[in-house]
Amino acid sequence: MSNQQLVRQQMNTLFSEIQYLIRLLYVTQDPYMKNLTLNQLWNKVDQLQFLTQLEGSACPHTSAISPEVKTMPTALPMSAMPAQPQLPASASVPSQGMPQTQTTPSSQNPQQSFTREQLAQFDGRNGRPAYVAVKGIVYDVTNNAAWSAASHFGLSAGKDLTQEFASCHAGEQWILSTLTPVGRLID
Amino acid sequence: MTEQTILPPEPVTNEAIAKRLFEDAKQKLAEGNVSKPKLVWLELNGCSGNIISLLNGQNPGFEYMITSMANLVYSNSLMIPEGNQALDRLFELLRSNEPFILAVEGAVSLKNNGMYQLVGSYDGKPLTGLQAAKMLGAKATHVIAVGACAVDGGPSAAKPNLSQSVGLQQVLERKIIKLPGCPCHPDWFLGTLSHLIAYGEPALDRRDRPLLFYSTLIHDRCPRLDYFHKGIFSKTLGEPYCLFKLGCRGPVTRVDCPTRRWNDHINWPIGASTCIGCSQFGFPDQMAPFISYETTEG
């Protein structure tokens, strides 16, 4: 089956799911159920939009378009892969893999220790991952939505941000549990 | 499930909601249920961008707003009188003790006791923005801070901040409705004003922004969101994928741009470039860099 057919098939499935959800909304009385359905509807429309845009941009290099292939890149191993400078536009599709430059040390071991100097190398610039430390733990914020361009409200990655976290996110410790720990900071 | 024709509910597009709100206010004004409030538009340290943005308003149009909806007493950019004649209007209003709504654009400059930004001179004496903000802010029934500079200093307070500019809240100890944005969308101001006239103060969040407009995280409603979830990132501005790697501030900016859009609701920043977080507190210094090409790998 060609990519286009596969996309069409998924789109048709989505259309019928959306129609079903709309009908469901009309008969549902329970407000929580309604919210849940609306949320699902939102997700479906998002997926549909993604598929139509994908079809419009027609990436020739995608060998298979199945949602399973595309997970958030944080879940992918950070093992060193050949550096691919100046990738063509289509190469940003993850089915070709998440390129990591060879210059960045492997960092999957949560027991890994970082000195402040080592941490400073993970500043998220020129292809390096973005790490920050809070209360002695080093976290990976490379693909954290709030850390675009490896910066966050004027703060940059590669630093110990314990003070800053305490002053802006007091009482919001849960934020830390959403981050991926990659090691410990040692003095 | 039985198949039957279901009529759609009333339209819920942004234009439709703005229009309904405006029609409500218009009807109440026509019926005499509410009175046409006086409105003062005070311009402090800024670029006049918010009043220019407001001129692009629809539902209501700007002309309707200043003729039938509110009585615009003072706006230094738009009024015909100048000098003493213009400031007379302000002082007469203050003396009359009549209720009025104060909209402020621009930051308050504190340096040299406010001398870095003057509203005008009255009887040969300079009237500083700082004096005007305090004087009018103390008497207004409602104060609306329009745009990034009035809300928290914005570009006027960006480093090195030579004029020591601050947001309006730092010089006024009272409730201020805050409409951050650089500039403020005409709908955000006109909608807030319509709400004030028709129903009173709109529901505000913890940082005094109307929930009506500021409850959506741009990232959550971004048309490029699915690319983010699937890890497909643009490497240049021309590509149609997620702009996260280039420095998009959509994930930290809360406002309804994705669904409202600009210039009569037809386009918005993400259409061509990254979101620079202009409607977030801390803009622009804390939103830098706006674009970065030396960033993490996908």
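The values are calculated or read from the model by the stated rules, or taken from the named source; none is laboratory data. The structure displayed is predicted, hence computed values, not measured ones. Positions of Cβ are generated from backbone atoms using ideal geometry, with glycine treated the same way; all protein chains shown enter the neighbour counts.
Things to note:
- Counting the residues of segment B:235-253 that are outside any helix (DSSP H, G or I) and more than 7 Å from chain A (Cβ to nearest Cβ) gives 6.
- From A:GLN49, A:GLN40, A:GLN5, residue being farther than 21 Å from B:PRO258 by Cβ and of a type outside the set (Gly, Ala, Ser): A:GLN5
- Every residue from segment B:215-226 that is facing chain A (nearest Cβ under 7 Å) and either out of contact with any helix residue (DSSP H, G or I) (no Cβ under 7 Å at 6 or more places or on another chain) or on the phi > 0 side of the Ramachandran plot (or both): none
- Residue match in segment A:61-76 (condition: over 22 Å from B:ASP220 (Cα atoms), modelled with pLDDT of 80 or more, surrounded by 13 or more Cβ atoms within 10 Å (Cβ to Cβ) and more than 9 Å from every other protein chain (Cβ to nearest Cβ)): no
- Within segment B:215-231, the set of residues being in contact (Cβ under 8 Å) with a residue 24 or more places away in the chain and either surrounded by 22 or more Cβ atoms within 10 Å (Cβ to Cβ) or of a type in the set (Lys, Arg) (or both) comprises B:ILE218, B:HIS219, B:ARG221, B:CYS222, B:ARG224, B:GLY231.
- Flag set for B:ASN50, criterion: surrounded by 21 or more Cβ atoms within 10 Å (Cβ to Cβ) and either of a type in the set (Asp, Glu) or at negative phi (or both).
- Residues located in segment A:143-168, provided they are closer than 28 Å to B:SER234 by Cα and more than 10 Å from chain B (Cβ to nearest Cβ): A:GLY158, A:LYS159
- Screening B:ILE270 on (1) more than 19 Å from A:TRP42 (Cα to Cα); (2) facing chain A (nearest Cβ under 8 Å); (3) not in a loop (DSSP other than H, G, I, E, B) shows it passes everything except condition (2).
- Only one of B:PHE91, B:PHE62 that is in contact with a helix residue (DSSP H, G or I) (Cβ under 8 Å, 6 or more places away or on another chain), aromatic (Phe, Trp, Tyr) and in the same structural domain as B:ALA138 (by TED's automatic domain parsing): B:PHE62
- Screening segment B:53-91 for residues that are among the aliphatic types (A, V, I, L, M) and closer than 15 Å to B:ALA25 by Cα and picking the one that is modelled with the highest pLDDT gives B:ALA70.
- Among residues of segment B:94-123, those that are closer than 20 Å to B:LYS36 by Cβ and either in contact (Cβ under 8 Å) with a residue 12 or more places away in the chain or of a type in the set (Val, Ile, Thr) (or both), counted: 8
- Residues that are part of a loop (DSSP other than H, G, I, E, B) and in contact with a strand residue (DSSP E or B) (Cβ under 8 Å, 6 or more places away or on another chain) were ranked within segment A:126-142; the one that is farthest from the other protein chains (Cβ to nearest Cβ) is A:GLY136.
- Residue under evaluation B:ASP187, criteria (1) surrounded by fewer than 20 Cβ atoms within 10 Å (Cβ to Cβ); (2) assigned by TED's automatic domain parsing to the domain that holds B:GLY32; (3) at pLDDT below 95, criterion not met: (1)
- Residues of segment B:58-81 satisfying the condition of being within 24 Å of B:ASN97 (Cβ to Cβ) and in a helix (DSSP H, G or I): B:ILE66, B:MET69
- The condition (being of a type in the set (Gly, Ala, Ser) and either in a strand (DSSP E or B) or crowded, with 23+ Cβ neighbours inside 10 Å (or both)) is satisfied by just one residue among B:ALA138, B:ALA103: B:ALA103.
- With respect to (1) in contact with a Cys (Cβ under 7 Å, 6 or more places away or on another chain); (2) more than 7 Å from every other protein chain (Cβ to nearest Cβ), the lone exception for B:CYS257 is condition (1).
- Residue satisfying all of: in segment B:10-34; small (Gly, Ala, Ser) and either on the phi > 0 side of the Ramachandran plot or in contact with a helix residue (DSSP H, G or I) (Cβ under 8 Å, 6 or more places away or on another chain) (or both); modelled with the highest pLDDT among these: B:GLY32
- Selection over segment B:196-221 of residues that are part of a helix (DSSP H, G or I) and within 26 Å of A:TRP42 (Cβ to Cβ) gives a count of 8.
- Output for segment A:2-28, where each listed residue is exposed (fewer than 11 other Cβ atoms within 10 Å of the Cβ) and not in a helix (DSSP H, G or I): A:SER2
- Within segment B:87-115, considering residues that are acidic (Asp, Glu) and within 26 Å of the chain's Cα centre (by Cα), the one farthest from B:ALA70 (Cα to Cα): B:GLU105
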